[in-house]
Amino acid sequence: MTDADPRPATTGVPMVVAEAVHKSFGHLEVLKGIDLVVERGQVMVVVGPSGSGKSTFLRCINHLEQINAGRLWVDGELVGYREHGGKLHELPEKVIARQRASIGMVFQRFNLFPHLTALQNVVEAPMRVRNHKRADAERRGRALLDQVGLAAKVDSYPGELSGGQQQRVAIARALAMDPKLMLFDEPTSALDPELVGEVLDVMKDLARQGMTMIVVTHEMGFAREVGNELVFMDEGVVVERGRPADVFTRPQQERTKSFFSKIL
Amino acid sequence: MRHPGRWVGVGVIGVLVAMFVHLLVTNDAFQWSFMVDNMFSEPIREGARTTIVLTVLSMVLGVLLGIVLAVMRLSPNKVLSWSAWVYVWIFRSVPRLVLLVLAGNLGIIFANGQIEFGLPFDRQLLDLFGVEGDARIFGLDSREVLSGFSAALIGLVLSEAAYMAEIVRAGILSVDSGQSEAALALGMNRPLTLRRIVLPQAMRVILPPTGNETIAMLKDTALVVAVPVSNELFFQLQAVGSRTFQVFPVLVAACLWYIALTSVLLVGQHFLEKRFSRGFGARKQDQPVPVPVGGMGGAT
């Protein structure tokens, strides 16, 4: 394993820099110029009403969506594009795949591979993308499943696991690629209420270990406890941002106030 | 009696079966001993071999070409998807029998005995510049390529690929788009995602109709008589019939041969379907199947 420490020594460059990111689906402008900076080791929590563009922004960060204008850097590298003469040109698929490999993503609906066991889900990408040997990948995979509390479930298929267990496998699967950044897209929204805690606990552990994380969620308790920064988005713009405790107790903008009054 | 209707049905079926057995046993036209003596002779066993080889080869090549066509059809590239659409349109429209006769007569358009590959319109273009010559890269002997067996194989593969393309496409589309997203997010490229993640799951949808296709193909090999290919099962059986004037027994023998071969295929299909349903068994209980998410994700 070449990358024992998922976060190389801080080089001063922020982990994520977004500059005037625009994204449209047809005529619908979903992101209307997003400027954000995520420092290394930070946990940024993004909240906002549905349709505010927060998931889309997350999906732009690993180029699952192409941006229409602006710039997005991860670890100092432009994501999905190279700049030439002031214009953006999409990178070859191979380069994009390499960029994605070091950005972990966890989805609302887990998206585990149902035809593979938990362990096979976790070792698939390390073996096929990073060319790790099966024995090495499986040793690491078992350790990661142990870390998320699923050592006993390595040979279970996703269909045999509860939602909370599936999401924890999904987190282990993302961690197996030794990502420098983790993106969470409403990781607990599809879960039964009693299963939310076990997933949040894993995420808190991860934050404590210093993982850089961007978390789109409705879990305000999580935001308050582990978030370094809270971002409130609405209608494709960042309305307000700041320390979670400050934004919760003293929201400056009307829209933020009315959003929190509805959900808190 | 709680279900009188059922018992009436059972009675009717019982009588019909008895009548059929009576026919089989008492009617001399069946010539059972003649049939058994003749249905395993060497030419017929060779015919059965040809039928099996033709079925297997046509299906293997047809499935491979079908996968290529399905992937082309789903490509964002308009030229690729349109070519695949046109191919499927044409080869699903032409009856297999017509296609096989056509394949058998392709020799007519390669009357000089050579099928050559190279720049299109080479002679005509070189003529414009006043040069004699051509730009052919290699040629095949048309009499060899378009002989009976390979012509039949070409016809069957081209036709099968069109059907398989639609089956594979439906299979690929049945896999939740979140699956390829998750694979891409892990840094897997598109070919790898297709091969390792999407196709294995699509197999659950692809296999049952492919089993039907294989059975249909086994039976359609009887059509290659039209190419003509003569060392095939049905032709060989009929030949025995016309030689000995025992037409009916060999037709019964043909039915029995095809039933036996199809049964073997059904067993194979059962095991393949079991193999590719791994990980989907537990869903049958109260565990809900995860709802497929639209491309954009449930909530933005």
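Proximity of backbone amide H atoms, modeled 1.01 Å from N, is registered between residue A:177 and no other residue at under 5 Å, excluding neighbours fewer than 5 places apart on the same chain. Considering the options A:164, A:174, A:150, tell which one lies farthest towards the positive end of the dipole of the range A:108-195, charges being +1 on Lys and Arg and -1 on Asp and Glu at the Cβ, about the Cα centre. Of the listed residues, the answer is A:174.
Sorting the Cα pairs of the protein assembly as shown by distance into bins of 20 Å, from 0 upward, gives 17, 37, 27, 17, 3, 0 percent per bin. Got the relative contact order for chain A handy, in percent, Cα pairs under 8 Å and 6 or more residues apart? Over chain A, the number comes to 26 percent. Amide H contacts under 5 Å for residue A:231: A:45, A:46, A:47, restricted to partners 5 or more places along the chain or on a different chain, H placed in the peptide plane at 1.01 Å from N.
So what is the relative contact order of chain B, in percent, for Cα pairs below 8 Å that sit 6 or more residues apart? Intermediate values should be presented prior to the final figure.
Values: 301 pairs, mean separation 77.4, N = 300.
Here the relative contact order equals 26 percent.
Note on the range A:91-241: the alpha carbon radius of gyration divided by the globular reference 2.2 N^0.38 Å gives 1.06. Here each label is just a point 7 Å from Cα along the line to Cβ, and for residue A:155 and residue B:37 those points are 5.9 nm apart.
Ranked by the mean number of other Cβ atoms within 10 Å per residue, highest first, peptides B:217-227, B:68-78 order as B:217-227, B:68-78. Taking the Cα centre of chain A as origin and assigning +1 to Lys and Arg Cβ atoms and -1 to Asp and Glu Cβ atoms, the resulting dipole is close to 420 debye. Only alpha carbons enter this Debye calculation for the range B:137-246, each as an equal point scatterer, and the log10 of I(q)/I(0) it gives at q = 0.23 Å⁻¹ is -1.14. Overall, the protein assembly as shown carries a charge dipole of about 680 debye about its Cα centre when +1 sits on the Cβ of Lys and Arg and -1 on the Cβ of Asp and Glu, all other atoms neutral. Mind checking the range B:46-140 for GluC sites (Glu not before Pro) that DSSP puts in a loop (not H, G, I, E or B) and that have at most 13 other Cβ atoms within 10 Å? Here the sparse-neighbourhood loop sites are B:132. Listed here are the pairs A:204/A:262; A:23/A:133; A:180/A:204; which of them are more than 28 Å apart at the Cα? Beyond 28 Å: A:23/A:133. For the peptide A:122-128, the mean number of other protein chain Cβ atoms found within 10 angstrom of a residue's Cβ is 4.
For chain A, the 222 nm mean residue ellipticity estimated from helices alone, with every DSSP H stretch of n ≥ 4 adding -39500 (n - 2.57) and the total spread over all residues, rounds to -10500 deg cm²/dmol. Dipole orientation for chain B: of the candidates B:1, B:106, B:150, B:1 has the Cα lying most toward the positive pole (charges on Cβ; Lys, Arg +1; Asp, Glu -1).
When both the range A:216-240 and the range A:150-179 are represented by their alpha-carbon centers, they are found 26 Å apart.
Taking the square root of 5 times each eigenvalue of the Cα gyration tensor, what semi-axes in Å does the equivalent ellipsoid of chain B have, largest first?
42, 37, 14
Available extension along the chain between residue B:280 and residue B:136 is 46.5 nm, counting 0.36 nm per residue and deducting the alpha carbon span.
Please identify every one of the chymotrypsin sites (Phe, Trp or Tyr not before Pro) in the range B:181-273 that sits in a loop by DSSP and has no more than 10 other beta carbons within 10 Å of its own beta carbon.
Details: sites: B:234, B:235, B:245, B:257, B:258, B:271; in loops: B:245.
Those that pass, being in a loop and sparsely packed, are B:245.
Over all other residues within a Cβ to Cβ distance under 15 Å of residue A:154, the charged ones net out to +2, with Lys and Arg as +1 and Asp and Glu as -1.
For the range B:222-231, 3J(HN,Hα) computed residue by residue from phi via the Karplus equation (6.51, -1.76, 1.60; θ = phi - 60°) reads 5, 6, 5, 3, 6, 5, x, 10, 9, 8 Hz, glycine and proline entered as x.
Kirkwood-type hydrodynamic radius, chain A: 19.0 Å, calculated from all non-identical alpha-carbon pairs.
Determine the dipole magnitude for chain B: charges of +1 sit on the beta-carbon of Lys and Arg, -1 on that of Asp and Glu, nothing else is charged, the reference point is the Cα centre, and the result goes in debye to the nearest 20. Walk me through the intermediate numbers first.
Details: 23 positive and 20 negative charges, 266 e Å.
With only Lys, Arg, Asp and Glu charged at Cβ, the dipole is about 1280 debye.
Annotation for residue B:255 and residue B:122: the two label points, set 7 Å from Cα along the Cα-Cβ direction, are 5.6 nm apart. Helices meeting the span-like rule in chain B (full DSSP H runs, Cα extent of at least 27 Å along the helix axis, mean Kyte-Doolittle score of -1.0 or higher): B:4-26, B:42-73, B:148-174, B:199-220, B:247-275. For the residues of A:164-176, the average number of beta carbons from a partner chain within 10 Å of their own beta carbon is 1. In a solvent-free Debye calculation with one equal scatterer on each Cα, what is log10 I(q)/I(0) for the range B:37-140 at q = 0.10, 0.14, 0.22 Å⁻¹, listed in the order of the q values? Taking Cα atoms of the range B:37-140 as identical point scatterers yields -0.56, -0.94, -1.18.
Computed over protein heavy atoms with a 1.4 Å probe, the carbon and sulfur contribution to the accessible area of the protein assembly as shown reaches 60%.
A helix-only calculation puts chain B at -22000 deg cm²/dmol for mean residue ellipticity at 222 nm, using -39500 (n - 2.57) for each DSSP H run of at least four residues, averaged over all residues. At an R0 of 25 angstrom, the distance between the Cβ atoms of residue A:146 and residue A:204 translates into a FRET efficiency of 0.90. The residues neighbouring residue B:185, those whose beta-carbon lies less than 12 Å from its own, together hold a net charge of 0 under the Lys/Arg +1, Asp/Glu -1 convention. Compute the distance from the alpha-carbon center of the range A:180-198 to that of the range A:63-86, in whole Å. About 27 Å separates the Cα centre of the range A:180-198 from the one of the range A:63-86.
What total accessible area, in Å², is buried where chains A and B meet, using a 1.4 Å probe and rounding to the nearest 100? Provide the component values of the computation, followed by the final result.
Details: alone 12480 and 18880 Å², together 28340 Å².
Interface between A and B: roughly 3000 Å².
The values are calculated or read from the model by the stated rules, or taken from the named source; none is laboratory data. Since the model is a prediction, treat every value here as computed from it, not as a measurement. Heads up, the Cβs are rebuilt from the backbone with ideal geometry, glycines too, and the neighbour counts pull from every protein chain shown. The area values use the complete protein model at the heavy-atom level, side chains included, leaving out ligands, DNA and RNA. Shrake-Rupley method; radii C 1.70, N 1.55, O 1.52, S 1.80 Å.
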